[in-house]
Structures are given as C-alpha cells and as structure tokens.
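Trainee: Here you go, one structure.
The values are calculated or read from the model by the stated rules, or taken from the named source; none is laboratory data. The shown structure was predicted, so the numbers you read here are calculated from the model rather than taken from an experiment. Neighbour counts are summed over all protein chains in view; Cβ atoms, including those assigned to glycine, are modelled from backbone coordinates with ideal geometry. Just the protein is used for accessible areas: all its heavy atoms, side chains included, with ligands, DNA and RNA removed. Shrake-Rupley method; radii C 1.70, N 1.55, O 1.52, S 1.80 Å.
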Amino acid sequence: MKIQTISTLIVLLSLGWISGCDGFLDEKPNKSISVPESIEDLQALMDNVNIFNYNTILDIVAADEYYITEAGFTSFTSTQIQRTHLREFDTMFEGIEIATEWQRFYQQVFYANICLETAGTITPKNPGERDALNNVIGSARFLRAYSMFNLIKNYGQQYLAETAGGILAIPLPKKPDVNHFSEFETLQNGYQFIIDDLRASLNSLPENPKYKSRPSKKAAYAMMARVYLSMNDFDRALENADLALSSGIEILDFNKITSSATYKIPMANPEVIFHSNALQFNFGTNQQTRIDTLLYDTYSENDLRKDIYFIRRNHGGFNFRGSYSGSFHLFGGLTDGELLLIRAESNARKGNFDSAKEDLFYLLKNRYKEGAIDHGDLIPDSEILDIVMAERKKELVFRGLRWSDLKRFAAMDASQVNLIRILGNQHFEFNPTPDNFTFPIPQEEIRLR
C-alpha cells in the first residue's frame with residue numbers, strides 16, 4: 001500500500017474515535033499527521049495516546065468486582081455493556097454498527113504496522129537518528145503486541161499448551177493492507193506472535209522512556225510476565241517478572257498519600273511502568289456501578305486501600321476511585337505492584353514460598369498502616385497462595401485483569417469459579433467452563449470476509 005493511501009486512511013480512521021488522556025504528554029503529539037514519512041512523523045504517530053494508550057472495557061464489565069442497580073443498568077447507553085454485564089455474550093454485538101472493542105484494537109495494530117513498514121524504508125543519517133528510529137520500531141512492536149493481547153485474551157479461548165495449536169483464535173495482520181483480510185490464526189500462533197513482538201522490542205526500546213505513555217525495556221518484560229501468567233506458564237511469568245524488576249522496584253507508599261482530591265493516586269506516579277486506560281462508554285463514571293460488597297469487606301480497617309480505592313456515596317454503596325490514571329478513567333497499564341504479585345503467585349505455585357512471602361510483604365507494607373502488617377515469614381506455607389490470590393484481586397481491582405484471571409482459573413479448576421449476577425429480582429447464572437469465557441467475533445467481521 002502506498003504511503004499516500006495509508007495517510008488518507010489514517011485521517012479517515014481517526015475521525016470519531018473517543019478521546020482520552022488529553023494533556024498527558026507535556027509535548028502534545030501532532031494528531032493531524034497526513035503522511036508519515038520521517039522518523040519524527042512516526043514517533044508522533046506512536047505518541048498519539050488517543051489511539052494507542054487504551055485497554056478493553058468489556059472484560060471489566062464481565063468480571064465479578066462490582067454490582068449494578070436496575071436504574072444503573074437502564075442508564076447504560078450501550079446495549080453491549082448491558083449484555084456483557086449479564087454475560088449474554090452470544091448477542092453482545094447485536095445491533096452494534098461499530099464493535100469498538102474489536103475495531104479499536106485492530107486500528108492500533110494497523111497504525112503499528114504502518115510505522116514498522118515505513119520505518120523499514122528510512123536510513124538514519126547519524127547515531128541520533130538511528131536511536132530515534134530504533135525507539136520507533138521498538139514502540140511499534142510493543143504496542144502491536146499490547147493490542148493483540150487485548151484482543152486474544154477476550155476473543156480467543158484460554159491457552160492450553162496441549163490444544164492451542166489446533167484452535168483458531170483471531171486474525172494477525174502483519175502489514176497495513178486494508179484490501180487484504182488476514183486469516184484467522186491458531187491460538188498458539190497468536191500468543192507466539194505477541195511474545196515474538198515483545199522480545200524483538202527489547203532490542204530497540206530504551207531503559208527509561210521520556211513519558212510513561214511510551215514503552216520501555218521494563219514494560220516489555222512486564223508485559224511478557226502478564227502474557228505468560230494468562231497462559232498459566234508460571235516458569236516464564238516468573239522469569240520475565242524477575243527481569244522487569246531487576247532494574248529496580250518502585251511501590252507507592254499509601255501512608256504518604258495525603259491528597260484530599262476525589263482521585264487520590266497521582267497519574268504517571270513512580271510505580272507506573274506503562275500508562276494505559278480502559279475505554280469508557282459510561283460504565284466507570286456511573287455511580288450505580290458499585291463495588292461488590294463482599295469484595296469491599298475483604299479490606300481490613302488497617303488497609304489503606306479501603307479509603308484510597310473507594311468512596312462511600314449517599315446511597316450507601318461504594319464507588320471505585322483508586323485508578324492509577326488520577327481520574328475516573330480506569331487504568332489498565334503496567335505497574336511494579338502487579339509485577340510483585342505475578343512473581344509472588346508464580347513462586348507460590350512453584351513451591352518457592354519464602355520468595356513469595358518476601359514480595360507479598362514488600363507490597364503490603366506499603367498498602368497498610370505503618371506497623372499493621374506482619375512480616376510474611378509468619379504466614380504458613382500452606383496459606384501463601386490463597387493470600388497472594390486474594391491480594392491480587394484486592395490490589396488490581398478494575399484493572400481489566402480479573403476476567404483473564406477467572407478464565408485461567410476455570411481452565412485449572414472450574415469449580416473454583418462461581419459467577420452469578422443479581423439484577424432486581426432476577427438471577428443470572430454463568431457456567432464457568434473455559435469455552436464460555438470467550439467473547440464472540442463481531443458478525444460484521446465475519447460478514448466482510
């Protein structure tokens with residue numbers, strides 16, 4: 001595809017997409033690029049947070065971290081949010097002209113492919129240009145992998161090593177050619193494509209990015225740890241979490257958060273490795289979207305997250321306000337806190353209990369009131385995994401990780417997953433077999449093929 005044709009399509013695709021993170025970059029990228037020809041053009045394209053720095057929302061809606069009142073359910077402006085809430089996945093995209101949760105992330109892949117294809121035609125003139133071009137290439141590979149993971153974790157079945165090679169998952173477009181439909185690839189090829197991109201990005205990404213919205217080597221290792229954990233590959237999840245944390249660990253001390261703002265956790269704080277938010281609709285901003293009461297009750301009075309993460313409303317329920325976006329946007333990026341929990345879970349499952357306790361204690365001493373948490377050595381080995389998993393749910397609430405966790409738990413032992421929705425006087429039960437955690441491919445995608 002010629003660059004001019006690509007540039008026209010860029011402008012057309014950009015029209016009408018939702019915005020977010022305005023003001024996140026100190027130097028705003030040029031969002032009106034018409035012809036991405038130079039290294040500067042490509043970097044500006046990669047810096048467009050209104051395109052790239054987003055996660056999915058439907059997996060948050062499908063999870064078990066909240067409940068919704070009948071009034072709140074009726075107020076949802078999107079039928080796909082309502083159907084996803086009830087876990088009626090077969091019809092979740094019926095009547096939807098544009099399935100944003102599908103198209104948005106393939107749009108990201110398309111832009112990343114433009115960047116990689118164009119970067120291959122540029123010869124740097126000096127070491128500075130070479131470094132800048134490498135950053136562009138590394139960013140494009142990371143962002144393409146990040147987007148593809150958002151897709152495959154929702155629209156692909158749970159990864160099982162013994163079956164992944166024989167199960168079709170999603171298309172894997174490797175070039176920005178809108179006139180060619182990429183074939184649906186197997187689950188094995190999909191995950192390998194993501195991992196290969198992340199590994200390749202390590203050769204080009206910097207140790208310390210200029211902005212938290214840009215990827216880094218640490219972000220690539222952290223993302224591989226997240227991907228491998230979703231596959232229940234605890235050896236490689238541990239290996240990559242170790243590599244990510246080897247450059248240093250930054251954990252926010254909640255004892256030092258004294259802000260009186262509604263959203264107390266600052267955006268782009270030192271714990272954040274890579275910044276990304278979930279798409280919105282009107283789910284996260286709806287005061288009728290209330291934190292699950294049983295989940296809220298698991299936070300002890302000495303747990304500072306109980307106040308920092310939640311706010312009590314006049315209706316008696318609690319709304320979430322603990323996003324690392326510093327606003328109502330639901331954060332879905334990468335943090336050192338998540339990495340500690342990945343490493344702790346992986347070590348616990350491998351029987352490395354002392355290491356799991358060390359990471360758990362390191363995290364919790366920064367989440368509880370000073371002196372209120374005992375050292376991890378006091379936890380019996382037989383209890384450490386259950387405690388780590390409970391803390392994972394409490395720490396990473398509304399991050400878009402819970403649905404992926406439930407999906408992998410179901411693959412290990414479906415009896416551990418019990419999902420029931422209550423809406424008014426109605427009960428909606430969900431059968432937690434691994435296949436049922438897969439979102440349907442939008443019919444429009446099938447029809448066009």
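Trainee: Listed residues 371, 351, 326; which is farther than 18 Å from residue 287 by Cα and out of contact with any helix residue (DSSP H, G or I) (no Cβ under 9 Å at 6 or more places or on another chain)? Working first, answer last.
Mentor: Numbers: 351 fails: out of contact with any helix residue (DSSP H, G or I) (no Cβ under 9 Å at 6 or more places or on another chain); 326 fails: farther than 18 Å from residue 287 by Cα.
Of 371, 351, 326, the one residue that is farther than 18 Å from residue 287 by Cα and out of contact with any helix residue (DSSP H, G or I) (no Cβ under 9 Å at 6 or more places or on another chain) is 371.
Trainee: Continuing with this model, one more query. In region 39-63, which residues are in a loop (DSSP other than H, G, I, E, B) and either among the hydrophobic types (A, V, I, L, M, F, W, C) or modelled with pLDDT under 95 (or both)?
Mentor: Across region 39-63, the qualifying residues are 57, 63.
Trainee: I've got another one for you. Does region 309-355 hold any residues that are hydroxyl-bearing (Ser, Thr, Tyr), touching a strand residue (DSSP E or B) at 6+ places or on another chain (Cβ under 9 Å) and open to solvent by less than 10 Å² (accessible area, probe 1.4 Å), and which are they?
Mentor: Of everything in region 309-355, those that are hydroxyl-bearing (Ser, Thr, Tyr), touching a strand residue (DSSP E or B) at 6+ places or on another chain (Cβ under 9 Å) and open to solvent by less than 10 Å² (accessible area, probe 1.4 Å) turn out to be 309, 323, 324, 325, 335.
Trainee: Restricting region 409-439 to residues that are of a type in the set (S, T, N, Q) and part of a helix (DSSP H, G or I), which is surrounded by the most Cβ atoms within 10 Å (Cβ to Cβ)? Let's see the steps before the verdict.
Mentor: Restricting attention to region 409-439, the residues satisfying the condition of being of a type in the set (S, T, N, Q) are 415-416, 418, 425-426, 431, 433, 436, 438.
If we keep only those that are part of a helix (DSSP H, G or I) as well, we get 415-416, 436.
Working: 415: 9, 416: 11, 436: 14.
Per the stated criteria, the residue is 436.
Trainee: Do the conditions hold for residue 306, that is, is it open to solvent by 10 Å² or more (accessible area, probe 1.4 Å), basic (Lys, Arg) and in contact with a His (Cβ under 9 Å, 6 or more places away or on another chain)?
Mentor: no
Condition check ((1) in contact with a Pro (Cβ under 7 Å, 6 or more places away or on another chain); (2) among the aromatic types (Phe, Trp, Tyr); (3) not in a helix (DSSP H, G or I)) across all residues:
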| position | (1), (2), (3) |
| --- | --- |
| 177 | no, no, yes |
| 182 | yes, no, yes |
| 190 | no, no, no |
| 205 | yes, no, yes |
| 209 | yes, no, yes |
| 213 | no, no, yes |
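Trainee: Out of all the residues in region 245-297, which are in contact with a helix residue (DSSP H, G or I) (Cβ under 6 Å, 6 or more places away or on another chain), open to solvent by 40 Å² or more (accessible area, probe 1.4 Å) and closer than 16 Å to residue 367 by Cα?
Mentor: Residues satisfying the conditions are 249, 250.
Trainee: Looking for whichever is under 21 Å from the mean Cα position of the chain (by Cα) and either open to solvent by less than 10 Å² (accessible area, probe 1.4 Å) or of a type in the set (Asp, Glu) (or both) here; the options are 110, 105. Which one fits? Break it down stepwise before answering.
Mentor: Working: 110 fails: either open to solvent by less than 10 Å² (accessible area, probe 1.4 Å) or of a type in the set (Asp, Glu) (or both).
Of the residues listed, the single one that is under 21 Å from the mean Cα position of the chain (by Cα) and either open to solvent by less than 10 Å² (accessible area, probe 1.4 Å) or of a type in the set (Asp, Glu) (or both) is 105.
Trainee: Okay, moving on. Would you mind finding the one in 336, 359, 386 that is of a type in the set (Asp, Glu) and without any contact (Cβ under 8 Å) to a residue 12 or more places away in the chain?
Mentor: Working: 336 fails: without any contact (Cβ under 8 Å) to a residue 12 or more places away in the chain; 359 fails: without any contact (Cβ under 8 Å) to a residue 12 or more places away in the chain.
Step by step, each of 336, 359, 386 is checked, and only 386 is of a type in the set (Asp, Glu) and without any contact (Cβ under 8 Å) to a residue 12 or more places away in the chain.
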